[in-house]
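Inspection log for the structure reproduced underneath, given as structure tokens.
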Amino acid sequence: MASSFNAVLTHMPAPPGDGGEGEVVARTAVANAAAASFAALLEKLDYLDEAQVEQVRQAYRYADQAHLGQWRSSGEPYITHPIAVAALCASWKLDAQALMAALLHDAMEDCGITKADLVERFGAQVAELVDGLTKLDKLQFNTREENQAESFRKMLLAMARDVRVILIKLADRTHNMRTLSDMPRSKWRRIASETLEIYAPIAHRLGLNQTYRELQDLSFRHLHPWRYATLAKAVARSRSRSRDAVQKVQAEVDAAFARTGMPVRLAGREKTLFAIYEKMQLNHLSFAQVSDLYGFRVVVRSVLDCYTALGVLHQIYKPVPGKFKDHVAIPKLNGYQSLHTTLVGPAGLNVEFQVRTEEMHVVAEAGIAAHWLYKARAGEGDAAERMGTQWLQSLLDIQNETRDAAEFWDHVKVDLFPDAVYVFTPRSQILALPRGATVVDFAYAIHSDVGDRTVGALVNNEEVPLRTELKNGDVVEVRTVQGARPNPAWLGFVRTARARSKIRHYLKTLAQNESVGLGEKLLTQALRAEGIEQLPDPQEHAALWERLLRFTGSRNQAELMTDIGLGRRVAGIVAKRLALLLAEGGQRPDALLLSRERFGAHENLSQGSITLDGNESASVQYAPCCRPVPGDAIVGYLGRGEGLVVHHAQCAVAQKLQHKDAERFIAVDWADEPARVFETGITLTVSNGKGVLARVASVIAESEADIVRVEMDDAMATTELRFVIAVRDLAHLDAVLRNLRRTASVLRAARVLPQAAAGR
């Protein structure tokens, strides 16, 4: 305690004059010293034993010394902030280790103290908690957003391993928001927006509703100060006008429960300013049109009493139709349970009632923190702890599949809004999914293998598309086929982070596996150009491969082949090095093969060329600038990190690349029987008239081509239609164009190709 008091007196500026000003400064110094003392926290630690309190005291002294000479924007000693954070954690009855971490949470970031220092002084667990809370300011990122994403990835993963990390972090952010007015106004928007978009949803996702509401209101206050002040005045006036009606409701409800002999605890509640503002914005309402400003919580002894109390309330006042929700039988995603009903009270005043047990009330206000608040009571804390386990574990699963911080954060944000739909499996098991979730999300919620093999689904015994959004009460049955695999198009409509990360992980793995095969083909082809028939056997030539891997910097042969397949390394350069190593070992190039490959490869495609049938998936892309189809003359460009990109031989983009990057072009050819259809572009000029588009679409369909996309530009007498269609090959495309040219109202029909290519 002495160090804080001395620090205040040492660093407090001298009084500018005698009398009143000096007394104010002195009083401020004393107040600051009191706020910075351990006594400010001690009174909240009555649930800890003496040994634990002493541990917390040691952490306070260490933090106090570390922050000596540092000041908050308000002019208070910096140590007042860690004390306030620890006090909030103490209100949740967190253990001594969490309180120690709360006191030390800024020590590593602001005071130059290392994790090793904390391990030595306070143990590994406290150090891990503090490390999970520390931002990554020392690392260099390309953008502030990337820095932020990496910081939250680290925090959320630490949270998944130990939920106390996020509880301390939320306490830290809550105190920072309470004192945000002391910060420069230029920082308000950034900090308040971050709180509203990230921290408040995390609090809600973990069921800390009291913290969630406070963070929302504080963010609103600093994002829109004028709107906040205006709304606060309007609520104050409304409160004054409605005071008599609200008191009458409370008296009548108290009397009704007294007559039944049911013991209840009745507490009034008022809608938060942010909740009112959000409702006005979403529903385009004026303040006068917001009817449910006031409400009551009815806390009873048991679940059965919840439903009995609901009957008592409905006998006093009429319920508003459609305003009843049973979150007791079906809890929210974050574990929240209550019965909600809106009743028409005196003078037409709408009043919302929330009916819950004492245990439900603890979880509703403190969420996952209820584990510490009530862990001495059998069963209650365990249920609260289990509430957040599934989501926290899913963070670790997603991280295992997503190493990129921004992508990880993108996944997590999807699951931060627990507005849910509840659906059933055919065996009546209930699943909670985010609103907007589809059949594919449902399949991945059951198991990742089920999601990967999904080919169709029945919803309420009716066949539906996989992108169908699910509604409350739907019974969903998924059809799977062995050997089926995820479709990249699913990423366009799935809602849950689990489904998105599983699909992306599968596609990345698939692309990597295919890239290994493509890399082997490319290296073999390049090696043939050096006069070597095939790649040396890895077992017989282990030393040679080791030297080659050292040259390329690859960890193993698979990584080298992947890099070649994705265009990160040029096959020709690697082949030259490999040929040189083989020559050093005594293997000479075959002169006949050398001359045939080097001088005949471009005129007549050699055995080493890449054959394409459309089944190459992620490792081969067909360039959207020219959209080649089987029958076209084509070239292959090994893009850096993109794999093989196939262009029409006359494509202007490909021709420019050949001037700059000729060594990255390789020989490619079509297979005799392509395995799928290919997209290409056509443009039509048609006379304006009724039903023209329908006639054109009908001709394309009759020609056995599929329309992928259509755009149009209107002129006075004509319209230009631009289609992307799927055809089997060049002959099929010619047939479609011939049929279109014979159609009435079609003035011109041609294929779309870059300017350097000849039109058809």
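Report the FRET efficiency, 1/(1 + (r/R0)^6), for K508 and E704, where r is their Cβ-Cβ distance and R0 is 51 Å, rounded to 0.05. Let's see the in-between values first.
Values: r = 35 Å, r/R0 = 0.68.
The pair K508/E704 has a calculated efficiency of 0.90.
Note on E546 and S687: with the Förster distance fixed at 60 Å, the Cβ-Cβ geometry gives a FRET efficiency of about 0.30.
What FRET efficiency do you get for A633 and L458 if R0 is 45 Å and r is their Cβ-Cβ distance, rounded to the nearest 0.05? For R0 = 45 Å, the calculated efficiency reads 0.45.
Once both labels are positioned 7 Å from their Cα atoms along Cα-to-Cβ, the gap between K318 and R121 label points is 6.7 nm. A simple spin-label model places pseudo-atoms 7 Å from Cα toward Cβ; at E252 and A649 they are separated by 8.8 nm.
Add +1 for every Lys or Arg and -1 for every Asp or Glu among the other residues with Cβ under 15 Å from the Cβ of A543, and state the total. Numbers along the way, then the final one.
Details: positive: R547, R550, R577; negative: D537, E540, E546, E584.
Spelling it out: positives minus negatives among the neighbours equals -1.
Other residues whose C-beta falls under 13 angstrom from the C-beta of T438 contribute a net charge of +3, scoring Lys and Arg +1 and Asp and Glu -1. Here the spin labels are modelled as points 7 Å beyond Cα on the Cα-Cβ line, and at W226 and I446 they lie 5.5 nm apart.
Which entries of K271/K323; K44/K169; K169/K233 show an alpha-carbon separation above 21 angstrom in the structure shown?
Details: K271/K323 16 Å; K44/K169 19 Å; K169/K233 32 Å.
Distance filter (> 21 Å) returns K169/K233.
Highest mean first, the peptides 732-741, 238-247 sorted by other C-beta atoms within 10 Å per residue fall in the order 732-741, 238-247. Pairs from the table (K471/K502; K187/K502; K187/K332) lying more than 26 angstrom apart at Cα are K187/K502; K187/K332.
Just so you know, all these numbers are worked out from the coordinates, no wet-lab data involved. Predicted model, so just to flag it, every value in this text is computed and none were measured. Heads up, the Cβs are rebuilt from the backbone with ideal geometry, glycines too, and the neighbour counts pull from every protein chain shown.
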